[in-house]
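Below: the structure, in structure tokens.
The values are calculated or read from the model by the stated rules, or taken from the named source; none is laboratory data. Treat the numbers as computed from the prediction; the structure is a model and nothing was measured. All Cβ positions, glycine included, derive from the backbone under ideal geometry; neighbour counts span all protein chains shown.
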Amino acid sequence: MRPAGALPMTGLGRDEYIMNLKINPISSLYDLKKTHDIQRVTWGYRDEMIFPYTIMTSTRHSGGVLLGAYIDDNLVGFLYGYLGMGGGSLYLFSQRMGILPEYQGRGIGTALKLAQREQMLRQGIDLVVWTYEPLAGASARLNIEKLGGIVRTYVRDIYGIMENPLQAGLAMDRLLIEWHLMSDRVRTRVGGHVEQPSLREWLEEKKYPVINFANWKDKLPRPIAVDLELDDKVLLVQVPPDLQAIKKRDLSIARGWRITTRSIFEAYFRRGYVITGFAGAKKSNSFNTYKLEHKPFPSTVDFSSWATGLEDDLEDEQERN
Ligand SMILES: CC(C)(COP(=O)(O)OP(=O)(O)OC[C@H]1O[C@@H](n2cnc3c(N)ncnc32)[C@H](O)[C@@H]1OP(=O)(O)O)[C@@H](O)C(=O)NCCC(=O)NCCS
């Protein structure tokens, strides 16, 4: 038996990966146990942060989702979520998706989410929500642009302090994605009918005002100025293209980004802005960029309880360290 993380590189190109990819519910004991290895390898989690396969498999039999991504019958990623209820209707809370590092960025996460959408629609559920790191480019591109999720809730320090390398060092703030499965926005995007937004176009001739600025010093972007009082219909927020690289070189700059972007998202969400777009940095010394729109979106479930977060706040954390 081959442990997760030791899967052979097959030399397949992106399209061949997709052709060899199968998405299926995880049902064998071997693969259920392998989800533990994937959590260790993908996030660097220690035992107490690993979701036990016993819970995940029970959830699957109770209307939840436990899907595996298989290449040549090897499990290379999984997606896990359970049912939630709010405003009298059911939704899915999608708790964890991980793809082994050597298989990331090849469309496997997208394929898992599309299978999750199909399963939910079959069950008569049209809303899936989950949270993600606001400064993670791959998740933002996937969640907002490819899948068509929207964000209007900011969650402070969702689970307190983490010790795994991917998440350690920063308050664990998260954006809460709402994926309205039958909305026009989502249907267009999952049908592949939306072009990638062009950062150049957004910034050209100052088409949309930018909320925050940063300067690059020693190849590191440092936040310098923020305007929390703009009121244009569309606004842009610049975030660093590689959070992990900043964390490795200077944790205080990464924390500066956390505090700056927290203040921006909280202030503008409070005033009715919603994240509707994301464009990835295309050259060095440029930023990943979110698009915020002042636009009403119907809401069936109230997620505002998330916004209060844990009592354990960033300032306390910094004092402790
Ligand atoms: C987040 C994750 C699940 C996404 O799965 P994936 O298979 O890599 O996703 P996909 O390839 O379907 O889509 C990712 C998109 O982001 C793009 N991308 C990757 N890195 C990026 C970056 N730094 N900035 C902007 N876009 C980026 C990819 O190119 C791809 O877009 P494209 O298809 O237009 O090229 C996976 O990367 C992962 O397991 N990460 C670690 C664990 C994690 O953070 N999980 C999510 C929270 S639970």
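Table for the structure above
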quantity	calculated
Sole residue being under 24 Å from Val186 (Cβ atoms) and within 8 Å of the ligand (Cβ to nearest atom), chosen from Gly87, Gly109, Gly64	Gly109
Segment 69-83, subset under 22 Å from Arg174 (Cβ atoms) and surrounded by fewer than 19 Cβ atoms within 10 Å (Cβ to Cβ), residue nearest to the ligand (Cβ to nearest atom)	Tyr82
Ile177 in contact with an Asp or Glu (Cβ under 7 Å, 6 or more places away or on another chain), in contact (Cβ under 8 Å) with a residue 24 or more places away in the chain and at negative phi	no
All strands (runs of 3 or more DSSP E) inside segment 220-293 with 3 or more residues being free of Cβ contacts under 8 Å to residues at least 60 places away in the same chain	220-226, 234-239
Residues (in contact with a strand residue (DSSP E or B) (Cβ under 8 Å, 6 or more places away or on another chain) and touching a residue at least 60 places away in the same chain (Cβ under 8 Å)) located in segment 144-166	Ile144, Glu145, Ile150, Val151, Arg152, Thr153, Tyr154, Val155, Ile158
Residue selected from segment 112-137 under the condition over 15 Å from the mean Cα position of the chain (by Cα) and among the acidic types (Asp, Glu), by the criterion farthest from the ligand (Cβ to nearest atom)	Asp126
Hey, Thr42 part of a helix (DSSP H, G or I) and surrounded by fewer than 18 Cβ atoms within 10 Å (Cβ to Cβ) or not	no
Subset of segment 255-307 (residues that are closer than 27 Å to Asp126 by Cα, among the β-branched types (Val, Ile, Thr) and either away from the ligand (no atom under 16 Å from the Cβ) or surrounded by fewer than 16 Cβ atoms within 10 Å (Cβ to Cβ) (or both))	Val274, Thr276, Thr300, Val301
Top-ranked residue in segment 237-254 [being polar (S, T, N, Q) and under 18 Å from the mean Cα position of the chain (by Cα); ranked as farthest from Phe287 (Cα to Cα)]	Gln244
Residues of segment 108-132 satisfying the condition of being in contact with a helix residue (DSSP H, G or I) (Cβ under 9 Å, 6 or more places away or on another chain), farther than 14 Å from His180 by Cα and surrounded by 19 or more Cβ atoms within 10 Å (Cβ to Cβ)	Ile108, Gly109, Ala111, Thr131, Tyr132
Segment 130-142 residues that are under 18 Å from Pro197 (Cβ atoms), paired with ones that are near the ligand (Cβ under 7 Å from one of its atoms) (beta carbon under 6 Å, 6 or more apart)	Gly137/Gly280; Gly137/Asn288; Ser139/Tyr132; Arg141/Gly280; Leu142/Gly109
Set Leu66, Leu90: member being hydrophobic (A, V, I, L, M, F, W, C), surrounded by fewer than 18 Cβ atoms within 10 Å (Cβ to Cβ) and under 22 Å from Ile177 (Cα atoms)	Leu90
Candidates Thr35, Thr54 - the one that is within 13 Å of the ligand (Cβ to nearest atom) and either modelled with pLDDT of 95 or more or closer than 21 Å to Gly149 by Cβ (or both)	Thr35
